[in-house]
Amino acid sequence: MKQLNIGQTNWQASEIAFGAWRMDALSVADAAKAIDTAYDCGINFVDNADMYGDGESEQRFGDALKQTSVKREDLFLQTKGDIVPGKKYDTSREHIMNAVESSMKRLDVDYLDAYLIHRPDPLMEPEELADIFDDLQKSGKVRHFGVSNFNPQQFLLLQESLNQRLLINQVQFSLMHTPMIDHGIHSNMADERSINRDGGIIEFSRRMGVTIQAWSPFQYGFFEGVFIDSPKFPELNKKLQELADKYEVSKNAIAAAWILRHPAKMQVIIGTMNPQHIIDSAKGADIEITRQEWYNLYFAAGNDLP
Ligand SMILES: NC(=O)c1ccc[n+]([C@@H]2O[C@H](COP(=O)([O-])OP(=O)(O)OC[C@H]3O[C@@H](n4cnc5c(N)ncnc54)[C@H](OP(=O)(O)O)[C@@H]3O)[C@@H](O)[C@H]2O)c1
């Protein structure tokens, strides 16, 4: 498994990360199997969040890890907070401090490798978060910080108050979810795709040396479903299969390799809990598709160039 430098620091982690969102649906034994499988594939980075399964995904991970041969120190554990399901986003001191404690308790760990603010909170006070991050770092509870679903202005607004560098921005990106690159390709046009809705996350992250973590690499829409093998996307699946045959891997691997081929050096967070799908997807880090293959997949996903 190839490694990447998170936030252009010396911190190296696997290009493919394991997302635990869907882990609450598993028994502890099946969760342990998924963790062991991912680790055996070379995946050493795990993403979680306090709102996944309303805390159950963190709890299941914490319980399951003890039944594996993997030690806590063998993994980089990241979790996220600020979403209060059904109610609000909350970046207040009281909420974040309690959230970190609760996540650590469920995961049963005494430190987190990274903590991310899950979604931008319009009521966020950057100075308040700066104090919180300082306290969390000084106490040894959190080593690194980042954000998720932040646009560049929101990122800078927070970054400018902090004593730590934000190393990560976790955003949705897949072959079937490409607004981050569409607007750049259609720059200076008057069509729908030229609209820059996110303020240039990719360009900003590359300039700032921020690692983009691509969530939902095999989904289309906002959790509408999996595009791999879906009859809704015959052209894309045909092209994925063609390249899967060429590189002797699965379609999952090709879809992951398409994200990794981008020079922004993103980390791909896969969310499958199926051991075979984990093995298949992890192989995406072993291959490098060509420039033309990257474009051909983009076209097969229904995109064009001006
Ligand atoms: N920051 C955010 O706002 C945010 C939002 C969403 C997710 N995330 C993170 O990103 C991670 C990944 O998200 P995700 O789970 O949506 O990603 P995903 O890997 O795109 O989707 C996983 C789903 O696809 C299915 N799947 C994968 N390969 C398949 C195949 N070949 N055939 C059929 N089904 C297949 C899986 O089912 P099986 O388990 O049966 O394989 C699972 O239901 C999450 O765990 C979480 O850590 C972050």
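Say the dipole of segment 199-306 comes from +1 at the beta carbon of Lys and Arg and -1 at that of Asp and Glu; which of ILE278, PHE204, PHE223 then lies farthest toward its positive end? Of the options given, the answer is PHE204.
Taking all protein chains in place and a 1.4 Å probe, what share, in percent, of the accessible surface of the chain do carbon and sulfur account for? All intermediate terms of the calculation are to be shown ahead of the outcome.
Values: 6440 of 13520 Å².
Carbon and sulfur together cover 48 percent of it.
Computed over all pairs of different Cα atoms, the Kirkwood value for the hydrodynamic radius of segment 11-172 is 15.9 Å. Comparing MET23, ASN252, ASN151 along the charge dipole axis of the chain, the residue lying farthest to the positive side is ASN252, per the Cβ-charge model.
Taking label positions 7 Å along the Cα-Cβ direction at both LYS88 and ALA25, the computed distance is 3.2 nm, reported to one decimal.
With r as the distance between the Cβ atoms of GLU73 and SER187 and R0 = 51 Å, compute the FRET efficiency 1/(1 + (r/R0)^6) and round to 0.05.
On the way: r = 45 Å, r/R0 = 0.89.
Calculated transfer efficiency: 0.65.
So if each residue of separation counts as 0.36 nm, and I subtract the Cα-Cα distance between GLN164 and SER102, what length gain in nm does that give?
Values: separation 62, 0.36 × 62 = 22.32 nm, distance 2.27 nm.
Full extension from GLN164 to SER102 adds 20.0 nm.
Taking trypsin sites (Lys or Arg not before Pro) as exposed when DSSP calls them loop and at most 14 other C-beta atoms lie within 10 angstrom, the chain has its longest site-free stretch at 88-196. If you sort the three axes of the alpha carbon gyration tensor as a ≥ b ≥ c, you get a/c of 1.5 or more for the chain and a/b no higher than b/c, which makes it oblate. Computed over Cα pairs, the Kirkwood radius of segment 176-306 leads via Stokes-Einstein (1.002 mPa s, 20 °C) to a diffusion coefficient of 139 µm² per second.
Tally Lys and Arg at +1 and Asp and Glu at -1 over the other residues with C-beta under 14 Å from the C-beta of THR68: what net charge comes out? Could you put the intermediate results ahead of the total?
Values: positive: LYS33, ARG60, LYS66, LYS71, ARG72; negative: ASP30, ASP36, ASP40, ASP63, GLU73, ASP74, ASP108.
Here the count lands on -2.
Taking 0.36 nm per residue of separation and subtracting the Cα-Cα distance, what length does fully extending GLN241 through ARG197 add?
Answer, rounded to one decimal: 12.7 nm.
Other residues within the sphere of radius under 13 Å centred on the Cβ of ALA256, judged by their own Cβ, net out at 0 (K and R +1, D and E -1). Counting only Cβ charges, +1 for Lys and Arg and -1 for Asp and Glu, the dipole size of the chain around its Cα centre is about 500 debye.
Protein chains only, probe 1.4 Å: how do HIS262, HIS177, HIS277 rank by accessible area, largest first?
Values: HIS262 25, HIS177 50, HIS277 80 Å².
Most to least solvent-accessible, the answer reads HIS277, HIS177, HIS262.
Once each part is reduced to its C-alpha centroid, what is the distance from segment 240-292 to segment 31-53 in angstrom? Here the two parts' Cα centres lie 18 Å apart.
Work out, step by step, the length gained on full extension between PHE299 and GLN3: first 0.36 nm times the residue separation, then minus their alpha carbon distance; give nm to one decimal. Show your work: numbers first, answer last.
On the way: separation 296, 0.36 × 296 = 106.56 nm, distance 2.86 nm.
Result: 103.7 nm gained on full extension.
The values are calculated or read from the model by the stated rules, or taken from the named source; none is laboratory data. Owing to the predicted nature of the structure, the values given are computational and were not obtained by experimental measurement. Cβ: placed from backbone, ideal geometry, glycine included. Neighbour counts: every protein chain shown. Protein only, heavy atoms only, side chains kept; ligands, DNA and RNA dropped before computing areas. Shrake-Rupley method; radii C 1.70, N 1.55, O 1.52, S 1.80 Å.
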